[in-house]
Every structure is written in C-alpha cells, then in structure tokens.
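Asks: Please see the structure below; I have some questions.
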Amino acid sequence: MAETTRAPRNRARRMAPALEGALAGIVAALAMISVQLAARALAGIPTPAELTGDRFAPLIPARDFGGLITWAGGYNELKQLGVLSTLVGQVVTGALGGALYGLLRARPRRAAAFLIGFVVALWLGALVLFYPVLSTSAIGLPPEAARLVTAAWLLASFALFGLTLAILHAFMTRWRGADGAPAPLIGRRGLLTGALGLGLLALSGGLLRRLSDDATFAYDGLQVRGPDIEPITPNERFYVVTKNVIDPNVDAGLWRLSIGGLVDRQMTVDLGTLRAMQSVEQETTLMCISNSISAGLMSNAVWRGVPLRSLIDAAGPGPDAVEVVARSVDSYSDTFAIAKALEPTTLLAYEMNGEPLPRRHGFPVRLLVPGLYGEKSVKWITSVDLVATDASGFYEQQGWGPDFQIQPRARFDGPDFRQPIPVGQTVRIWGTAFGGDRGVSAVEVTVDGGQSWQSARFDYPGSRLTWTLWSFDWRPGAEGDVRLACRATDGQGNVQVAQGRPVVPEGARGHHVVTAMVRA
Ligand SMILES: Nc1nc2c(c(=O)[nH]1)N[C@H]1C(S)=C(S)[C@@H](COP(=O)(O)O)O[C@H]1N2
Ligand SMILES: [Mo]
C-alpha cells in the first residue's frame, strides 16, 4: 500500500512550491482588485476592467456587435461579461505569477528579481495596451493629469500585488514551523492565507456590488415612445445610450474644455467661463443610430449652451482643418465635418429643460450636433481638436457610417394597437416624425397597403431641429386586420423610403407598419 501512494504524494509535494505561490498570487490579486475598486469608487480612477472594455470595444466590428449583444443576452450582460472576464484574468495572472515565484523560492534573489520584473512588465504592458484610454477619469480630471494618475495608480496597485505576494509567500514558507517536521502541503499558515483571500473576495464582492448600484445597467437603453409621448421629453424619460459600465460623475470644479489641434492658439475654458459666454436656448431632438424604425431611442429637449463656433472662432481655426474630433472624460470620441462644427446650432450644452445637464446626459457639458445621429453629441466633453484628416471616433472605428445623416422617418405611437379598434367609428391615430436638421414638412398614412396616402395633421409641428407630433383620424369601414404604414417627408422634400435597411451600419430605413385589429 505504501508503495502505491508514495508516487502521487511525492508529485504533490513537488507541486507544493507552485501551489503555495499560486495561493499567495491569488490572494495578492484579490488585494489589488480591492484597492482598484476602492480607487474607482472614491477617486474615479478607471479599473483595468473598464480600460479593457474601452480599449477593445471600438475594435468589435459593427456587424458583429448586435450578434454579440444577443449572444450575451443584452448590452448590460455583455458589459458585465467583459468586467467579469477581466477580473478573472487578473486573478489568473496573479496565480501564474505566484506559481512561478513559488518555484523560484529556493533562490530568493532570483525570486525577488523575477517578481519585480513581473510587476514592471505587467505595468509596461498595461501602459502600451491601454495607452489610448489612459486619460479616462470618472471625476473629470483634464486628460493629461488623468493619464498620469491612471498610469501611476496602475503601477502602485501592481506593486501592491507584488509586495502582498512576497509577504504572504514568506508568511507561508519561510517562517514555517521550525519543529523540523515535513511541512504539510498547504499548512496552517496556508489556511490563514486562504482565509485572508476569502475575506478579500468578500471585500471586492462588496465593492463590486456598491459600484454596480452606480452602474448604467438600470437606464442604458432607456426608450421613450408609445401612447403617452409628449412634445418635450422630461429629463427622467429622455432616452439614454452609453458605452460605459459606470458613467462619469464629473466634478464641475475640475472640469475643463480645451480647443486645440489646427488652431492659432490652443484654448482652455472652465465651466464658469463657458457659462458667462453668450448662450442660446435651442430645442433639439436627438436620436441614436441604433434606433430601429419603431423604437424609442429618440427624445426632444430644450437645451441651453454656447455655439461651438464661438470657441473655435476665438481659437482661430487653421485653413487646413476638415474635421473636428471631440473627446470626453470617458475616453469616448467622435468626429464631424468642420462645416458642421461651425453651424450656429452646433452647441456646447450645459442645460437641459431648464436644469443643469443631468449626470447621465453628460454633466457638466455635452455637444449637441443637430442632424447627425446621437453618437456625435459627445457627453462629458473635454476637448475639441481641429484636424486635417478624415478621423474616426468610437463607433466609426467599429465600422458604423460613414454617412451619419438622419433620414426622414415617422413612427406610430398610439393608440395601443394590441387593443381592438371599433369598426365604423373615428379613431385618432398618432405618432412622431423626425427629419434630422431639416424639419418635417409632411406625414402621411396609408390604410390600403400604399395605394393611397393621406395627410396627417401636425399637433406639435416642432422646429427644423426637432421631431413633429402628428395625428390622423381614421374610420375603418370593415372588420378585419388592417395594415397601416406611415411616412415622413423632411423640409427638403426627401420622402421616407419604403425599402427597409438594418440598423448597421448607417441606421434603419423603411416604413413603420402596424396591424390594427378592426372589430365590431
Ligand atoms: N462621452 C460619451 N458620449 C456619448 C456616448 C458615450 O457613450 N460616451 N454615447 C453616444 C450615443 S451612441 C448617443 S445615441 C448619445 C445619447 O445621448 P443621451 O444618452 O443623452 O440620450 O450620446 C452619445 N454621446
Ligand atoms: Mo447612439
């Protein structure tokens, strides 16, 4: 019997240094994760999980993006999966580093050199990998400061990992019971280390839960549509789209906006300066590119802000500028033509429906770029650079676009078509139409499969930059299921086309078709 059990026991004993090291590495990684989460909660320093998401999301091809979201079970689920896999990756990396360290323990100098090299290599790797998104700061530090803070914090937290690993490993091995007995595989100190690990797991779990209370899961993708649609969308109902797991919570005192690139003089303004400038109030509708024809990722508000042009003119635009690149504290970016940037209706907005811009809509300042899909309206904006090339932002890198002009569209909002409609009575049919920055000149409805179109009236005409709320009186003459379609014409005479088109890559097209159940 003794003969048969010795071999596996010896193998296990040979594995012991690696196992002890891995245990120390896992616990050290949990300690690092805990301080990283705490720094995110307290100082808005991005976690490696967020940096990973922001770095790689633009590389996901637009046509796979929808499939990926479906596969994960939703955008929130995809974001959570990204966070979780980065955390697991951090623990696995810690375990690997710990195991190698454990194997080197017979040569302490070599082990120490390895550990320092490991930490420095991880840090340099992280700097290279995350460079484009290092300037993220959830509290709104200016980009250069934010980049330094994130880089320094990565080094500090990685160093904490190394130090914790070394201390725990020494605790488990070097100071092991001096009674000369062969050390047990993991031992009492190993158990203590494991208990510390469980404590840190609970701590990081608690921090994760606290952070997830603040996450965007509750409201990302919020839509507004249906029978109770209103001309001006209240701030709490205004649709939301964000790439973030946790939106920035910008400190107005730290916030700065810089105008740079191809300008005569680079300019930086703070919030007080911007608010003191000549401002305009402007009603403007925003709509996401991923808004399908029937969906509600579209809302209308009254904004106050300063025309972007005022700042660009003050900075002195160079003759070679063809586009502007807008960047934000969450390392989001988008671009549009300089001509669009100079239109008087392209605003740096700081008020929404008479209130300071809400956090989720870009506090303290966002762009408003009428006529182009919502993604161009960069929230939490921190810089605008004039460039001489056709640059591309977060979503354009995924392969969206290149045409981001909103096309005319109309949608039914009411009545509730799940309810039967009485035959022979006049019912009011109503909805929303939008023509980008060209206004809506007509909305028509067909009740006969497109053979004839009848004009709807405008209950809320809106303006050139807003949606129009329309309605149409219909008296169905016979029982049965009737297909209704609506179409909009914009202020330049462009009619909404019947030919459908998917959301990717330039936004949906086609008519909104509903089935009315006409009953006696
Ligand atoms: N900084 C930043 N700006 C952003 C985004 C973002 O994720 N980060 N999302 C964009 C997208 S895709 C849309 S549709 C609009 C949505 O604005 P809203 O949430 O205020 O409706 O913001 C745009 N601006
Ligand atoms: Mo969007």
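What follows is calculated from the coordinates using simple rules that are stated; it is not laboratory data. Quantities reported herein were computed from a predicted structural model and do not represent experimental measurements. With ideal geometry, Cβ positions are generated from the backbone for all residues, glycine too; neighbour counts draw on all protein chains shown.
Asks: Under the Karplus relation 6.51 cos²θ - 1.76 cosθ + 1.60, θ = phi - 60°, what is the ordered set of whole-Hz ³J(HN,Hα) values for the stretch 412-429, x standing for Gly and Pro?
Replies: With coefficients 6.51, -1.76 and 1.60, one gets 7, 10, x, x, 6, 6, 7, 8, x, 10, x, 6, x, 10, 7, 10, 8, 10 Hz.
Asks: Check which residues have an amide H placed less than 5 Å from SER333's amide H, if you skip close sequence neighbours.
Replies: So SER333 has HN proximity to PHE394.
Asks: While we're on this one: What length, rounded to one decimal in nm, is gained on full extension from ASP481 through to LEU59, with 0.36 nm per residue of separation minus their alpha-carbon distance?
Replies: Value of the extension gain: 147.4 nm.
Asks: Can you tell me the 0 to 90 degree angle between the C-alpha axis of helix 187-213 and the longest principal axis of the chain, rounded to 10?
Replies: 10
Asks: Dimensions of the chain along principal axes (Cα, Å, largest first)?
Replies: So the extents along the principal axes, rounded to whole Å, are 98, 65, 35.
Asks: For ILE116 and ASP228, calculate 0.36 nm times their separation in residues minus their Cα-Cα distance, and state this gained length in nm to one decimal.
Replies: Contour length minus the Cα-Cα distance gives 34.1 nm.
Asks: Okay, moving on. Can you list the residues, at least 5 places off or on another chain, whose amide H is less than 5 Å from the amide H of ILE421, using H built in the peptide plane?
Replies: Counting only residues 5 or more places away or on other chains, the set is MET517, VAL518, ARG519.
Asks: Skipping prolines and chain starts, which residues have an amide H placed within reach, meaning under 5 Å, of the one on VAL263, given they are 5 or more residues away or on another chain?
Replies: GLY318
Asks: Here's another thing I want to ask about it. Pick out, from SER455, PHE363, ASN494, the residue whose Cα sits farthest towards the positive end of the charge dipole of the chain, with +1 on the Cβ of Lys and Arg and -1 on the Cβ of Asp and Glu.
Replies: Toward the positive end, the furthest listed residue is PHE363.
Asks: What's the magnitude of the charge dipole for the stretch 108-231 around its Cα centre, counting Lys and Arg as +1 and Asp and Glu as -1 at the beta-carbon? Answer in Debye, nearest 20.
Replies: Its charge dipole is roughly 940 debye.
Asks: A follow-up question, please. Would you compute, for the Cα atoms of the stretch 82-156, the largest minus smallest coordinate along each principal axis and list the three values in descending order, in whole Å?
Replies: Result, largest extent first: 47, 26, 18 Å.
Asks: When the dipole is taken about the Cα centre of the chain, and only Lys, Arg (+1) and Asp, Glu (-1) are charged at their Cβ, what size is it in debye, to the nearest 20?
Replies: Charge dipole, the chain, about its Cα centre: 2600 debye, nearest 20.
Asks: Right, something else. Quote to one decimal, in nm, the extra length available between THR70 and ARG210 on full extension: 0.36 nm per residue of separation minus the C-alpha distance between them.
Replies: 47.7 nm
Asks: So how strong a dipole does the stretch 361-431 carry about its Cα centre when Lys and Arg Cβ are +1 and Asp and Glu Cβ are -1, to the nearest 20 debye?
Replies: 380
Asks: Another question about this same structure. With point charges of +1 on the Cβ of Lys and Arg and -1 on the Cβ of Asp and Glu, referenced to the Cα centre of the chain, which listed residue (ILE45, SER331, LEU347) lies farthest in the positive direction of the dipole?
Replies: Farthest along the dipole direction, towards plus: ILE45.
Asks: Give the calculated FRET efficiency between ALA12 and ARG359 to the nearest 0.05, with a Förster radius of 60 Å applied to their Cβ-Cβ distance.
Replies: Efficiency computed from Cβ-Cβ geometry: 0.65.
Asks: Dividing the alpha-carbon Rg of the stretch 352-501 by 2.2 N^0.38 Å yields what?
Replies: 1.31
Asks: Still on this structure, I have one more. Which peptide among 240-251, 488-499 comes first, and what is the full order, when sorted by highest mean count of other Cβ atoms within 10 Å?
Replies: My ranking of the peptides, most packed first, is 240-251, 488-499.
Asks: Using only alpha carbon pairs under 8 Å that are at least six residues apart, calculate the relative contact order of the chain and give it in whole percent.
Replies: 13
Asks: Further, regarding this structure: Quick one: Karplus J couplings for the stretch 315-326, per residue in order, coefficients 6.51, -1.76, 1.60, θ = phi - 60°, nearest Hz, x for Gly and Pro?
Replies: Each residue's phi maps through the Karplus curve to give 7, x, x, x, x, 8, 5, 10, 9, 10, 10, 9 Hz.
Asks: How far is helix 108-130 tilted, in degrees, relative to the longest principal axis of the Cα atoms in the chain, given as a value from 0 to 90 rounded to the nearest 10?
Replies: With rounding to tens, the tilt is 10 degrees.
Asks: Which Cα, out of GLY21, THR86, GLY187, lies furthest along the positive dipole direction of the chain (beta carbon charges, K/R +1, D/E -1)?
Replies: Going by the Cα projections, it comes out as GLY187.
Asks: Follow-up question, since we're still on this one. Label-point separation (nm) for MET517 and ARG501, each offset 7 Å from Cα along Cα-to-Cβ?
Replies: 3.5
Asks: State whether the stretch 271-370 is rounded, prolate or oblate according to the following rule on the C-alpha gyration tensor (a ≥ b ≥ c being the square roots of its eigenvalues): a/c under 1.5 gives rounded; otherwise a/b larger than b/c gives prolate, and the remaining case gives oblate.
Replies: Judged from the Cα gyration tensor, the stretch 271-370 comes out oblate (a/c at least 1.5, b/c at or above a/b).
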